[in-house]
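Colleague: Below is a structure I'd like to ask you about.
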């Protein structure tokens, strides 16, 4: 977990507020942690939407497995770098929306790059990659991978956060 407190409802709204989640066929969440965003995603996605959630931490994974039961949800214990593999195993080609809570700023640069490239590869041409961070450190790297990167701040979060909305077009 990269913060001293769970993500606020204000950050959740900034992350998901402008997305067409109910119309998406495939939504992916990377690094759900305690499941704050996961629970909101399950409220907002459509009845036919597939939600793939990838968590590497065993404790978080087990807690999510116990808390959440929804036929649209597939919870995987694994690495975000293997996103395309997990989609393929589920018979899915690409994601329409990827939501990431991974603390990119504290990861080694090679791993950070692999995660973002993996997300870009798995994203449909008109898809959106939404990433929050507590610094602007990832901006240049995201701008190298995606053709459009928009940033919004969320001051009503502890600590305050930046929300990156990235797309290929």
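The values are calculated or read from the model by the stated rules, or taken from the named source; none is laboratory data. For clarity, every value in this text was computed on a predicted model and none was experimentally measured. Cβ placement follows ideal geometry from the backbone for every residue including glycine, while neighbour counts extend to all protein chains displayed.
Colleague: Condition test on residue 138, is it at pLDDT below 95 and surrounded by 14 or more Cβ atoms within 10 Å (Cβ to Cβ)? Break it down into steps so the answer makes sense when it comes.
Modeller: Details: at pLDDT below 95: yes; surrounded by 14 or more Cβ atoms within 10 Å (Cβ to Cβ): yes.
Criteria met by residue 138.
Colleague: Six or more apart or on different chains, Cβ under 7 Å: which pairs go from a residue in the range 31-55 that's in contact (Cβ under 8 Å) with a residue 60 or more places away in the chain and on the phi > 0 side of the Ramachandran plot to one that's in a helix (DSSP H, G or I) and surrounded by fewer than 20 Cβ atoms within 10 Å (Cβ to Cβ)? Could you list them?
Modeller: 33/60
Colleague: Oh, and also: Hey, does the range 120-133 have a residue that's buried (at least 21 other Cβ atoms within 10 Å of the Cβ) and in a helix (DSSP H, G or I)?
Modeller: Yes - at least one qualifying residue is present in the range 120-133.
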